[in-house]
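Down below is the structure, laid out as structure tokens.
The values are calculated or read from the model by the stated rules, or taken from the named source; none is laboratory data. Predicted model, so just to flag it, every value in this text is computed and none were measured. Positions of Cβ are backbone-derived with ideal geometry, glycine not excepted, and every protein chain shown enters the neighbour counts.
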Amino acid sequence: MTVFVSDAAVPLKANVSANIVPAQSAANSNHTLELDEVRALMLDTLQDVMEGPANNASQYQVRTGGSLLRARLALASCRSFECSREYAIAAAAACELIHNASLVHDDLLDGDVLRRGQPTVWKRHGEGVALCAGDLLLCSAFAVAAGLENAKHARSLTHYLAAMASRVIVGQSIETAPREPCALPRLRAYLDASRSKTVPLIQLPLMVGAVATSAEPMVRNTIKLFAEAVGLAYQIIDDLDDLTYMSEPERCVGSEAAPFHPFHAWHHHAGRQADCLALRVHKATRHALASLLRARRQLESLEQHLSRSITPTLAPLLMTLENRARAHRYTCRLNREWAS
């Protein structure tokens, strides 16, 4: 499904996850069987909970599929740090459960009616059940981590899951907190909110291997910097995917007609000409591409400390995000040339 931006098709936000699936390579083709185990563990964990509307809604969310990007990242991290298969499957399942919990709550807060081509949980099961389903998915992630036979791994994974989930929750609260009408947060607040809401769900799966093997602080910091760069770029590009009628001038934030929330990239990449679409898109895509360049540099540094390369999984992700950013810039330029 697409929305149209001045006669140019751009992917609808509900289908964005389908655009960032890392391409399979010879180095990670064995993830297919592991991903099947991840899906099974997620559903088994939910089925162990008492029956009820929240459980049914949670299983519905998991069965809608998705790219399983977080699971792929977690599996790649565990492979690179030479973790056990049991730990890798559990870590990947826990990351996906937290991600799905965030999606259920995001859809509820944003009023989105489609996710992965299916009705969102709140649209299908009601707002109250969706709130409970998101909570249940979050609890299930901790249940998976606690079920690991290795007590040290169970504790360390649970601790890190809690830390990253807490950041996501706080980041979401920053975006949804009441604000003065027509008031925009400063750029620093926008960047902090993006890092809090988006980065943890990228940092978490990439860090699970390092957490299990007690990797050196320098290695952990490199992963953190990589995730921050990718997360910021992803948020900017994701915001650009929201654009509908790009020829419209910016409207007052906080009014009923305001097209985007105050922490949207559309607002924070305005130039001196506040209503200049081309300038905003150019600045936003430049910001995203610069972040992805930083991510590539961090990846090169990280590779020097890994037993097995993680680039076959991460390089396609970076390339896809770069292509999406350039596509927005190209579409905007075509629209401007067509209008002139």
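Can you name the residue in region 61-119 that is under 13 Å from the mean Cα position of the chain (by Cα) and part of a loop (DSSP other than H, G, I, E, B) and, of all such residues, is surrounded by the fewest Cβ atoms within 10 Å (Cβ to Cβ)? Looking at the filtered set, the residue picked out is 67.
Criterion first (over 19 Å from residue 58 (Cβ atoms) and either surrounded by 21 or more Cβ atoms within 10 Å (Cβ to Cβ) or under 21 Å from the mean Cα position of the chain (by Cα) (or both)) does residue 130 satisfy it? No: the conditions fail for residue 130.
Cβ-Cβ distances below 7 Å connect the following pairs, each with a first residue in region 301-325 that is over 18 Å from residue 208 (Cβ atoms), a second residue that is among the basic types (Lys, Arg), and a separation of six or more residues or different chains: 318/296.
Residue count for region 69-117 under the criterion of being over 21 Å from residue 230 (Cβ atoms) and among the polar types (S, T, N, Q): the result is 1. A single member of 240, 292, 299 is at pLDDT 65 or above, out of contact with any Pro (no Cβ under 7 Å at 6 or more places or on another chain), closer than 24 Å to residue 174 by Cα and crowded, with 17+ Cβ neighbours inside 10 Å, and it is 240. Of the helices (runs of 4 or more DSSP H) lying entirely inside region 137-247, those containing at least 1 residues that are under 23 Å from residue 88 (Cα atoms) and among the small types (Gly, Ala, Ser) span 151-176, 200-212, 217-240.
Could you tell me whether any residue of region 173-195 is free of Cβ contacts under 8 Å to residues at least 60 places away in the same chain, within 21 Å of residue 100 (Cα to Cα) and surrounded by 17 or more Cβ atoms within 10 Å (Cβ to Cβ)? Within region 173-195 (the criterion being free of Cβ contacts under 8 Å to residues at least 60 places away in the same chain, within 21 Å of residue 100 (Cα to Cα) and surrounded by 17 or more Cβ atoms within 10 Å (Cβ to Cβ)), the answer is yes, since at least one residue qualifies. Being hydroxyl-bearing (Ser, Thr, Tyr) and either buried (at least 22 other Cβ atoms within 10 Å of the Cβ) or in contact (Cβ under 8 Å) with a residue 60 or more places away in the chain (or both) is not true of residue 158. Mind listing whichever residues of region 64-80 are modelled with pLDDT of 95 or more and of a type outside the set (A, V, I, L, M, F, W, C)? 70, 72, 77, 79, 80 - these are the residues of region 64-80 that are modelled with pLDDT of 95 or more and of a type outside the set (A, V, I, L, M, F, W, C).
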